[in-house]
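Colleague: Starting off with a structure, shown below.
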Amino acid sequence: MHMASVAPQTAQARENQPGPPPRPHDPWGWCIAIPAVFMALASIRLAIPSEPYFDEIHYLPAARELLSWWEGMGGEYINREHPLLGKELIALGMAIFGDNPLGWRIMPLLAGTLAVGAAMRALWHASLDRFATLAFGVLLVTGFHLLIHARIAMLDIFMVAFLALATWQFAAAIRQPETGRRRLALTGIAIGCALASKWNAVPLAMTFGLAFFAARLAAGRRRLFNSRCGVPVPGISLIEAFVWLGAVPLAVYALTFVPGYTLGNAAAPSPLAERGLIGLHQDMLSLQQQVIAAHNYQSTWDHWMLNTRGIWYLYEVEDGAQRGVMLIGNPLTMLLGLPALGWCLWTGLPRGDWAKLGAVAGYGASLGLWLIAPKPVQFYYHYVMPSVFLLAALAMALSDLRSSGRQWWAYGVLGGSVAIFAFFFPILTAGALDGPQSFAKWAWIAGWR
């Protein structure tokens, strides 16, 4: 009797006990759908202009030389100041679709689509915030930077895509340590590919290993280098992490230069065959630091933060109409992202919120490079990677607004970003304009002219 009367009470008490908060539902379907929308939008007029424009005039000839090498007809090593992988990928697109506008730009389009999806997955694993993840996707699609660079045969979008992939895998390794070894290996491969696309990836490439080291050091493990216990990825020692996040990226980076050893001819021999990988990099560094003539579109980091200096990638009569492509950031979200960075720092520090702090650190590292870089002439497209972290911070700030009961402010910012994107869409995608003075419709300030 006594035991029978106690048992139901115990079961009922267990039912009434508060449990852990429910885990938000993984928005993996949206992480496919939103990049698909991005790809569809970026595909509009992808083959216009039908002639190379802006920096395509530098990278397409280099890709053609690589394509000739692949086809066994030899090739010259040109555009030596940049690594090879981005140009190899452009050449791959040309090998599949031909030496035409679609062939030139198909791989940047795929890289841009990957960048959106991988960045969303990275924020999801870092924050487990469903709204922030979806908002981030919308902000990336409508933020201008990724769309423009997904439609042009330049190197930046490959760097962004591989860094986003590395961040996704690193965040997932921390969130799901049972998959840590495989994901850290993928992180290292992606870091190497980012470095092999463009050197702008260097400061961010270093942050993965430094973050792992700092977290393990803070955990106070007695055997710092050999212990497999503790954050950020239990089961992985610091020595093993160095292999995945240090040695593997360097090995992958070096492997992407293999075609360069046989590029060249008697008149212009391969610098790799002549001087080796180290000698080539001395030349590359020298070329990166060379003083070039001042340019009308050059700018500095403070212009980028305030979105006050754009670049007209195109403004010509092309394919039967006046057309333009202007690189600026979304005028709404580029400015709102700045206080959002401050908010993420202010709220992230006391809570140890590594998603928010990671966005701030990523922005600082990728922008900080240009405060000290010896490159004498700089341009707004160097802000493409900082802008990704800026929009991640804005997405998390909007999620906090929504959680505090100010959901209409959060939705209003997203709606405003979409509306401004729609207004600027013709000059993001080389649409047909009314005439030579049409630029004034979008060039709201002197720095955008």
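The values are calculated or read from the model by the stated rules, or taken from the named source; none is laboratory data. Fair warning: this is a prediction, and the values are worked out from it, not measured in the lab. Reconstructed Cβ throughout: ideal geometry from the backbone, glycine too, with neighbour counts over all protein chains shown. Surface areas here come from the heavy atoms of the whole protein model, side chains and all, with no ligands, DNA or RNA. Shrake-Rupley method; radii C 1.70, N 1.55, O 1.52, S 1.80 Å.
Every residue, every condition in (1) of a type outside the set (A, V, I, L, M, F, W, C); (2) more than 16 Å from LEU146 (Cβ to Cβ); (3) outside any helix (DSSP H, G or I), yes or no:
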residue: ALA340; (1), (2), (3): no, yes, no
residue: LEU349; (1), (2), (3): no, yes, no
residue: LEU357; (1), (2), (3): no, yes, no
residue: PRO386; (1), (2), (3): yes, no, no
residue: SER399; (1), (2), (3): yes, yes, no
residue: GLY415; (1), (2), (3): yes, yes, no
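Colleague: Looking at the range 307-336, which of its residues are open to solvent by less than 40 Å² (accessible area, probe 1.4 Å) and of a type in the set (A, V, I, L, M)?
Modeller: ILE311, LEU314, ALA321, VAL325, MET326, LEU327, ILE328, MET334
Colleague: Could you say whether any residue in the range 215-235 is open to solvent by 30 Å² or more (accessible area, probe 1.4 Å), assigned to a helix (DSSP H, G or I) and in contact with a helix residue (DSSP H, G or I) (Cβ under 7 Å, 6 or more places away or on another chain)?
Modeller: no
Colleague: If I filter the range 433-444 down to residues being under 10 Å from GLY324 (Cβ atoms) and of a type in the set (A, V, I, L, M), which single residue comes out as surrounded by the most Cβ atoms within 10 Å (Cβ to Cβ)?
Modeller: LEU433
Colleague: So, GLY358, is that one more than 17 Å from PHE131 (Cα to Cα), touching a Gly at 6+ places or on another chain (Cβ under 7 Å) and open to solvent by 10 Å² or more (accessible area, probe 1.4 Å) or not?
Modeller: Judged against the criteria, GLY358 is not a match.
Colleague: If you take the residues in the range 93-144 that are in contact with a helix residue (DSSP H, G or I) (Cβ under 9 Å, 6 or more places away or on another chain) and outside any helix (DSSP H, G or I), which one is nearest to LEU335 (Cα to Cα)?
Modeller: GLY143
Colleague: Which of the following residues is hydrophobic (A, V, I, L, M, F, W, C) and under 30 Å from TYR380 (Cα atoms): ALA321, ALA251?
Modeller: Selected residue: ALA321, the only one of ALA321, ALA251 that is hydrophobic (A, V, I, L, M, F, W, C) and under 30 Å from TYR380 (Cα atoms).
Colleague: Another one. Does the range 61-68 include one or more residues that are in contact with a strand residue (DSSP E or B) (Cβ under 8 Å, 6 or more places away or on another chain), of a type in the set (Asp, Glu) and either open to solvent by 20 Å² or more (accessible area, probe 1.4 Å) or not in a loop (DSSP other than H, G, I, E, B) (or both)?
Modeller: The answer is no, given that none of the residues of the range 61-68 is in contact with a strand residue (DSSP E or B) (Cβ under 8 Å, 6 or more places away or on another chain), of a type in the set (Asp, Glu) and either open to solvent by 20 Å² or more (accessible area, probe 1.4 Å) or not in a loop (DSSP other than H, G, I, E, B) (or both).
Colleague: Shifting gears a bit: Using beta carbons and a limit of 9 Å, which pairs, at least six apart or on different chains, have the first residue in the range 186-198 and over 8 Å from PHE158 (Cβ atoms) and the second one open to solvent by 10 Å² or more (accessible area, probe 1.4 Å) and charged (D, E, K, R)?
Modeller: Between residues of the range 186-198 that are over 8 Å from PHE158 (Cβ atoms) and residues that are open to solvent by 10 Å² or more (accessible area, probe 1.4 Å) and charged (D, E, K, R), the close pairs are ALA196/GLU88.
Colleague: Also: Within the range 76-118, can you find the residues that are surrounded by fewer than 23 Cβ atoms within 10 Å (Cβ to Cβ) and at pLDDT below 95?
Modeller: GLU76, ILE78, ASN79, ARG80, GLU81, HIS82
Colleague: Check whether at least one residue in the range 337-352 is touching a residue at least 60 places away in the same chain (Cβ under 8 Å) and either open to solvent by 10 Å² or more (accessible area, probe 1.4 Å) or under 21 Å from PHE54 (Cα atoms) (or both), and report yes or no.
Modeller: No, every residue in the range 337-352 fails to be touching a residue at least 60 places away in the same chain (Cβ under 8 Å) and either open to solvent by 10 Å² or more (accessible area, probe 1.4 Å) or under 21 Å from PHE54 (Cα atoms) (or both).
Colleague: If you don't mind, another one. Those residues that are open to solvent by 30 Å² or more (accessible area, probe 1.4 Å) and in contact with a Gly (Cβ under 6 Å, 6 or more places away or on another chain), I need them from the range 236-247; list them, please.
Modeller: Correct list: TRP244 only.
Colleague: GLU51 - would you say it is surrounded by fewer than 22 Cβ atoms within 10 Å (Cβ to Cβ), touching a helix residue (DSSP H, G or I) at 6+ places or on another chain (Cβ under 9 Å) and either closer than 28 Å to PRO271 by Cβ or of a type in the set (Ser, Thr, Tyr) (or both)? Break it down into steps so the answer makes sense when it comes.
Modeller: Details: surrounded by fewer than 22 Cβ atoms within 10 Å (Cβ to Cβ): yes; touching a helix residue (DSSP H, G or I) at 6+ places or on another chain (Cβ under 9 Å): yes; either closer than 28 Å to PRO271 by Cβ or of a type in the set (Ser, Thr, Tyr) (or both): no.
Spelling it out, it is not the case that GLU51 is surrounded by fewer than 22 Cβ atoms within 10 Å (Cβ to Cβ), touching a helix residue (DSSP H, G or I) at 6+ places or on another chain (Cβ under 9 Å) and either closer than 28 Å to PRO271 by Cβ or of a type in the set (Ser, Thr, Tyr) (or both).
Colleague: One residue is enough: does the range 288-295 have a residue meeting the conditions touching a Leu at 6+ places or on another chain (Cβ under 6 Å) and more than 23 Å from SER438 (Cβ to Cβ)?
Modeller: No.
Colleague: If we scan the range 406-413, do we find a residue that is at pLDDT below 95, out of contact with any Pro (no Cβ under 9 Å at 6 or more places or on another chain), part of a helix (DSSP H, G or I) and surrounded by 15 or more Cβ atoms within 10 Å (Cβ to Cβ)?
Modeller: no
Colleague: Tell me whether the range 250-261 contains one or more residues that are assigned to a loop (DSSP other than H, G, I, E, B), within 19 Å of PHE170 (Cα to Cα) and either open to solvent by 80 Å² or more (accessible area, probe 1.4 Å) or of a type outside the set (A, V, I, L, M) (or both).
Modeller: No, the range 250-261 has no match at all.
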